[in-house]
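Reading through the structure tokens given below for one structure.
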Amino acid sequence: MKYIFRVLFVLVSVSGYAQETTNETIEGKIHTTDGKPAEVVVTGTRTARLLKDTPVLTKVISGVEIEQSGAVTALEALEDFVPGVMFTPNTMGDNINIAGLDNKYILILVDGERLVNERTENVNFSRLNTSDIKQIEVINGASSVLYGSNAIGAVINIITKEVDKPLQGSARVRYSNYNTWVGDASFGLKANGFSSKTNLSAKNSDGYDSGRAGVASDFSMSPYSDYTISEALKYRFNDDFDMELKGNYYRNETWFLHKYQTRIDNNYTFGGKLNYRFSRKNTLTFSGNSDTYRGNQVYKRANDSTVYANGSQYATFRLLDVWDANRNIQLVSGAELNREKTYSENQFGNIPKECEANNRNLFSQGEFKTETGLEALAGVRYTHHSEFGGYLSPKISLMYKLDKLRFRANISNGYKAPTIKEMYMEFPHAIGGDVPFWVIGNPGLVPEVSWYKAVSAEYISTDINASVTIHDNSIQDKIVSEQSWNALQNRTELIYRNVEDAQITGVDVSVQWSFLKYFRLRGGYSFAHAIDKATGWQLPGNSKHNANCNLVFKQSRLPFLSSAAYWPYSLLLSGRYMSSRVLSRNEEEIRSGDYFVTNVVYNQQFPIHNNLAGNFQFGINNLLNYTNHDSAPGNPGRTCFVSLGMKF
């Protein structure tokens with residue numbers, strides 16, 4: 001199949017070459033002709049591209065911005081910098097919502113590999129160390145051609161840091177309200193083609209009450225303790241052959257005070273990659289990655305017995321070929337096998353059970369450039385699911401460059417197979433000692449399909465980057481849980497059904513502006529009209545209007561010090577606004593109020609000795625003490641934090 005696509009693209013190739021590029025690739029990184037690293041993204045094409053020249057509009061949050069914001073998790077950073085992202089933590093985990101689409105429609109990746117969903121179809125962002133994040137890349141809309149199922153609402157790719165010095169390291173400790181501690185450390189070395197990176201992180205907290213006195217089940221955050229250990233090894237045999245191995249272990253213990261029990265979660269991630277360059281034009285990559293989650297309940301009233309309650313695993317094996325036919329044409333083709341397993345002690349009926357599904361994929365995406373400034377990106381993925389057979393997902397993107405302007409258009413098809421739980425669940429949803437309803441799966445479900453259309457205009461200059469995007473995402477056969485009465489079983493049931501066709505139409509605006517030498521402004525606004533097409537009702541969880549703004553003042557020296565003293569500092573003021581959203585709808589619609597929160601963070605760097613530098617940080621989150629729990633669940637009100645770290 002790969003060679004068929006190659007022949008087709010060569011046949012349509014025009015004679016001649018594009019103008020000589022001013023960038024070159026050095027060890028996988030794009031550099032400008034003056035040798036300085038350029039801002040590079042990989043998510044939209046699975047290959048390194050300058051941000052300003054990628055055919056797929058990509059939002060980027062840099063590691064520096066994450067550090068300046070004081071974010072503890074990647075999800076907090078997304079809320080701070082990407083309008084429309086909503087984070088609602090509760091006892092069910094880290095719930096994320098973008099324009100009315102929840103966890104199961106948003107694909108979370110780390111270095112291009114999928115993170116496994118946990119017991120409630122979410123991803124635990126706490127297991128990721130923010131100090132190790134190089135940048136976060138966000139692509140809105142369907143991206144099924146490159147990433148398969150679930151990539152309907154958005155793709156969030158968290159890129160980790162690489163070792164770029166012979167010896168480097170860092171350590172940090174952070175303290176905030178409710179006796180919440182965060183500590184992390186990293187150590188890296190690089191020599192003779194070999195590199196090693198070790199990361200350690202730990203967090204614990206006494207938790208906090210939501211403010212509703214006397215109701216134990218309303219704890220906004222239960223006490224917890226966790227830690228993460230990760231290792232990444234890379235070795236370059238020669239200029240054409242290199243390999244890498246990665247491993248990560250995460251353990252979390254949460255104490256549910258009102259249940260007299262503890263939940264212990266363990267997460268194991270293993271991955272490897274081989275890259276072989278046949279020539280300057282052709283690179284073949286083989287990779288494998290396995291992410292496994294395991295949850296245990298420890299019942300303190302029953303002699304501390306431990307029960308393996310639930311678990312899930314997602315494993316991927318991929319063969320990827322990148323072929324540069326000439327300066328005008330690049331083809332990315334691959335074959336992929338994905339295997340998913342889910343185990344539950346009580347969610348699949350009275351007997352503990354393990355269910356699994358797999359899908360096999362072939363995909364190819366070609367990029368074609370012309371001398372007129374027009375670029376085209378076209379691709380297709382064939383998926384064969386073990387339960388639902390074959391499906392073909394196409395995509396096409398166009399970009400036109402005109403001096404400092406970029407015009408983009410995109411139409412892409414998304415595909416999402418029903419999850420194992422949506423098909424086979426049979427779970428008594430207990431509240432206290434009662435079971436008000438059962439959650440019932442449906443083996444007759446069909447996959448959800450989406451069509452995403454978008455046009456955008458972007459202006460890029462030395463000091464300003466501004467873009468506006470108009471988009472429409474139409475989802476067919478959307479799966480929802482529908483309440484009904486089962487007279488035979490004498491119980492209320494929530495049954496998964498394909499009953500909704502949803503449409504999300506919106507506008508996104510973003511601006512980044514560096515001015516007056518020391519100031520940087522980053523802001524965005526997102527409008528999303530997300531409705532059930534059959535009823536015209538707004539989708540639950542959707543907020544129509546979202547905006548955020550971050551203003552940074554940065555100086556390289558403190559006042560009154562010698563001009564030779566290098567003590568850089570920054571002051572960040574940020575704000576986030578979210579309009580009301582639908583919480584539930586029975587006989588009448590129940591809505592939240594508007595939500596507005598501001599944060600302020602001061603960062604101070606200082607020299608310690610030679611290459612050893614320190615960093616002090618102080619911040620106040622929710623400066624105005626906004627505490628409406630319907631609008632912002634899990635919000636403890638105003639909190640302060642202080643951190644101290646060092647790097648070498």
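Summary of values
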quantity	calculated
Scope segment 504-519; condition within 30 Å of Pro447 (Cα to Cα) and surrounded by 17 or more Cβ atoms within 10 Å (Cβ to Cβ); matching residues	Ile504, Gly506, Asp508
Residue within segment 568-575 that is of a type in the set (A, V, I, L, M), in a strand (DSSP E or B), in contact with a His (Cβ under 9 Å, 6 or more places away or on another chain) and farther than 23 Å from Glu500 by Cβ present	no
Arg581 vs. criteria modelled with pLDDT under 85 and surrounded by fewer than 18 Cβ atoms within 10 Å (Cβ to Cβ)	no
Failed item, numbered, when Asn90 is tested on (1) buried (at least 21 other Cβ atoms within 10 Å of the Cβ); (2) modelled with pLDDT under 90	(1)
Tally, over segment 101-115, of residues that are open to solvent by less than 10 Å² (accessible area, probe 1.4 Å) and modelled with pLDDT under 85	1
Members of segment 280-309 that are among the polar types (S, T, N, Q), modelled with pLDDT of 90 or more and open to solvent by 30 Å² or more (accessible area, probe 1.4 Å)	Thr283, Thr292
Conditions (1) over 27 Å from the mean Cα position of the chain (by Cα); (2) on the phi > 0 side of the Ramachandran plot; number of the one not met by Glu493	(2)
Residues of segment 378-395 satisfying the condition of being without any contact (Cβ under 8 Å) to a residue 60 or more places away in the chain and surrounded by 16 or more Cβ atoms within 10 Å (Cβ to Cβ)	Ala378, Phe388, Tyr391
Scope segment 576-612; condition touching a Phe, Trp or Tyr at 6+ places or on another chain (Cβ under 8 Å), within 28 Å of Arg557 (Cβ to Cβ) and part of a strand (DSSP E or B); matching residues	Val601, Tyr602, Asn603, Gln604, Gln605, Phe606, Pro607, Leu612
Pick from segment 317-330, criterion open to solvent by 10 Å² or more (accessible area, probe 1.4 Å) and in contact (Cβ under 8 Å) with a residue 40 or more places away in the chain, ranking: nearest to Val110 (Cα to Cα)	Leu320
Members of segment 331-373 found to be open to solvent by 70 Å² or more (accessible area, probe 1.4 Å) and of a type in the set (S, T, N, Q), listed by number	Asn350, Thr372
All positions within segment 173-193 that are closer than 29 Å to Tyr602 by Cβ, open to solvent by 40 Å² or more (accessible area, probe 1.4 Å) and touching a Lys or Arg at 6+ places or on another chain (Cβ under 9 Å)	Asn177, Trp181, Phe187
Positions within segment 440-477 being at pLDDT below 90 and open to solvent by less than 20 Å² (accessible area, probe 1.4 Å), in sequence order	Gly441
Residue match in segment 554-566 (condition: at positive phi, exposed (fewer than 14 other Cβ atoms within 10 Å of the Cβ), at pLDDT below 90 and over 30 Å from the mean Cα position of the chain (by Cα))	yes
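The values are calculated or read from the model by the stated rules, or taken from the named source; none is laboratory data. Please read these numbers as outputs of a predicted model, since none were measured by experiment. Cβ sites come from the backbone with ideal geometry, for glycine too, and all protein chains shown count toward neighbours. Just the protein is used for accessible areas: all its heavy atoms, side chains included, with ligands, DNA and RNA removed. Shrake-Rupley method; radii C 1.70, N 1.55, O 1.52, S 1.80 Å.
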